[in-house]
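**Student:** Sharing a structure below in structure tokens format, with a few things to ask.
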Amino acid sequence: MQQSLKNEEVAYWIGLLQADGCLKKYSYRKNMKNYERHSLELDVKDKILVENVQKICKKFLKRSPKIFYRPRGTWVCHIDVKRLQHLFEILDIDFSDPPISPKWCIESQIVFWGIFSRCNRQGWRY
């Protein structure tokens with residue numbers, strides 16, 4: 001499964017989330033117990049971007065993240081990630097700041113990373 005995830009669409013997903021997304025940790029209390037929730041959110045003005053992230057999640061991760069509109073004029077794609085942390089390690093995804101492209105993206109024939117997923121070493125592909 002991991003090998004099939006190393007492709008242009010997933011690289012685009014990683015780049016978008018690394019550049020414009022954020023990791024969040026929520027603490028909450030339910031039924032007298034404390035819980036933590038980890039999520040990855042993309043919060044942008046372009047609804048098409050969050051829909052693309054949702055489609056890639058459905059296709060490759062078999063998950064359907066929620067999309068909602070915030071009154072300040074942005075669209076949000078919310079992905080629960082606690083069970084995806086192992087996958088992030090396998091795919092060498094680092095959400096540090098500044099974002100670092102996974103090695104498999106850098107070493108591939110086509111540069112697979114966010115907006116650069118449309119670019120090869122000679123220039124833009126059309």
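**Student:** For segment 1-103, what mean projected area does the convex hull of the alpha carbons give, in nm²?
**Tutor:** Result: a mean projected hull area of 7.6 nm².
**Student:** Between K59 and I106, what is the FRET efficiency for a Förster distance of 25 Å, r being their Cβ-Cβ separation, to the nearest 0.05?
**Tutor:** Once the sixth-power term is evaluated, E becomes 0.60.
**Student:** Starting from the Cα-Cα distance between E36 and L87, subtract it from 0.36 nm times their residue separation and give me the gain in nm to one decimal.
**Tutor:** 16.4 nm
We did not get these values from a lab; they are worked out from the coordinates using the rules stated. These figures come from a predicted structure and were not determined experimentally. Ideal geometry is used to build each Cβ from the backbone, glycine not excepted, and the neighbour counts take in all protein chains shown.
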